[in-house]
Amino acid sequence: MNHYSNNLASTLGSTILRDVTLRDGLQLTGKVLPTERKIETVRELLRLGVPAIELGSMARPDLVPTMANTLDVVRALTPEELDKCWIWVATPGHVAKAAAAGARNFQYCLSASDSHNKANIGRTTEESLAALPQAVEYAKAVNGQIQLCIATSFTCPFEGTVPEERVLSIANDPRAEGTTDIVLCDTLGQAIPAQVSGLIARVRDESPARRIVYHGHDTWGLGVANTLAAMQAGAAMVDGALGGLGGCPFAPGASGNTSSEDILFATRPGWLTTDTFAELVILSEKLLAELGEPNRSKAAQGARSKAEAFGWVIPSDSTAAGTPCTTGGK
């Protein structure tokens, strides 16, 4: 292995996956996943070795019904489990309510574009930034962590291309002091690898030192490529969802998240074995079947191929709850 390959392997090996199936993954599904099923999914993902999970959102249940039982999930988990779980918030009040339930890791989200922030959160980006210091204080009061999450970091469904300077101005806003991480979101999945690596490099070099997180979608088929570009540029955490599930209800044109299975197959973290991967694929198949959603993961489809001499292929008698594989269209 040459010097470049060694460096690349080291970079990919040090970046962790956050599975966002239970938040971004469920936002557009037609069915509400019961609380017990969500709790079971969190625990199964943690058992398999997934290092971080986004378990839900404080979004209004009348607007995003699939998130209505998020705090019930939080209350059911142990402090040790919650240490590895994140919850989406958009106001200081969200942080306070989630903290009271036991949450300690908060993702405070706003959009780089005013149009999307108004559609997604009901206020301007400036109003969201103005409220951020209070959200940080609430997180600190419970010894928690809070991320600055910038949606539409690359493109906006209403305004088009988002200038890098706009994202950098938010990253450097003094009101974001105290945030532990910065999340850069390709909300619509319209970015290309050069844009992803370029913006992450600028945020890394031109804004306060924080862990960088990349959140991508696979709308234009570049989910994994963009994720790898983000990792090489310095992202220490990347988001994915089982089966490529998900999308934003307030972002016309967005499709599912980058698949967790595809990211894991591409990066092969130390905790991932062929057996663990098979269990993840089966977990994903069962969940998607319950929701009536298609499986968009190419790695999951590959794992169900007939090339059984390849160690990552699942034996043909291993199926989701004894039923045929759900890979394919709706």
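The values are calculated or read from the model by the stated rules, or taken from the named source; none is laboratory data. Only a predicted model underlies this, so the values are computations on that prediction, with no experimental measurement involved. Cβ coordinates were reconstructed from backbone atoms using ideal geometry, including for glycine residues, and neighbour counts include every protein chain displayed.
Working only within the stretch 168-188, note down all residues that are touching a residue at least 60 places away in the same chain (Cβ under 8 Å) and aliphatic (A, V, I, L, M). Result: 170, 183, 188.
Which members of the stretch 31-53 meet the condition of being surrounded by fewer than 20 Cβ atoms within 10 Å (Cβ to Cβ), out of contact with any Ser or Thr (no Cβ under 7 Å at 6 or more places or on another chain) and under 17 Å from residue 293 (Cβ atoms)? Passing the criteria: 31, 34, 37.
Total residues in the stretch 59-99 satisfying the condition of being assigned to a helix (DSSP H, G or I), in contact (Cβ under 8 Å) with a residue 12 or more places away in the chain, of a type outside the set (Lys, Arg) and over 18 Å from residue 18 (Cβ atoms): the figure is 11. Counting only residues that are closer than 20 Å to residue 169 by Cα and either among the hydrophobic types (A, V, I, L, M, F, W, C) or touching a Phe, Trp or Tyr at 6+ places or on another chain (Cβ under 7 Å) (or both), the stretch 95-112 holds 4 of them. For the stretch 189-244, filtering for residues that are among the basic types (Lys, Arg) and crowded, with 18+ Cβ neighbours inside 10 Å leaves 1. Flag: residue 106 does not match the condition of being in contact (Cβ under 8 Å) with a residue 40 or more places away in the chain and over 26 Å from residue 62 (Cα atoms).
What do you reckon, is residue 261 within 18 Å of the chain's Cα centre (by Cα) and in contact (Cβ under 8 Å) with a residue 24 or more places away in the chain? In short, yes.
Criterion first (over 21 Å from residue 166 (Cβ atoms) and touching a helix residue (DSSP H, G or I) at 6+ places or on another chain (Cβ under 9 Å)) does residue 131 satisfy it? Taking the combined requirement at face value, the residue does not satisfy it. Can you tell me which residues in the stretch 280-299 are within 17 Å of the chain's Cα centre (by Cα), touching a residue at least 60 places away in the same chain (Cβ under 8 Å) and not in a helix (DSSP H, G or I)? 296, the sole residue that qualifies.
Selection of helices (runs of 4 or more DSSP H) fully inside the stretch 135-236 by the criterion of at least 1 residues being over 24 Å from residue 54 (Cα atoms) returns 164-171, 193-206. For the stretch 259-274, filtered to residues that are among the aliphatic types (A, V, I, L, M) and part of a helix (DSSP H, G or I), the residue that is nearest to residue 24 (Cα to Cα) is 263. Of all residues in the stretch 107-126, exactly one satisfies the criterion of being at pLDDT below 95, out of contact with any Pro (no Cβ under 9 Å at 6 or more places or on another chain) and of a type in the set (Gly, Ala, Ser), namely 122. Is it fair to say residue 260 is under 28 Å from residue 157 (Cα atoms), of a type in the set (Gly, Ala, Ser) and surrounded by fewer than 24 Cβ atoms within 10 Å (Cβ to Cβ)? No, not satisfied. Could you check, for the stretch 26-46, whether at least one of its residues is closer than 23 Å to residue 280 by Cβ, assigned to a strand (DSSP E or B) and modelled with pLDDT of 90 or more? Looking through the stretch 26-46, none of the residues is closer than 23 Å to residue 280 by Cβ, assigned to a strand (DSSP E or B) and modelled with pLDDT of 90 or more.
Tell me whether the stretch 167-185 contains one or more residues that are crowded, with 23+ Cβ neighbours inside 10 Å, touching a Gly at 6+ places or on another chain (Cβ under 6 Å) and not charged (D, E, K, R). No: the stretch 167-185 contains no residue that is crowded, with 23+ Cβ neighbours inside 10 Å, touching a Gly at 6+ places or on another chain (Cβ under 6 Å) and not charged (D, E, K, R). Can you tell me which residue within the stretch 121-166, out of those that are more than 16 Å from residue 87 (Cα to Cα) and of a type in the set (S, T, N, Q), is surrounded by the fewest Cβ atoms within 10 Å (Cβ to Cβ)? Filtering first and then ranking leaves 161.
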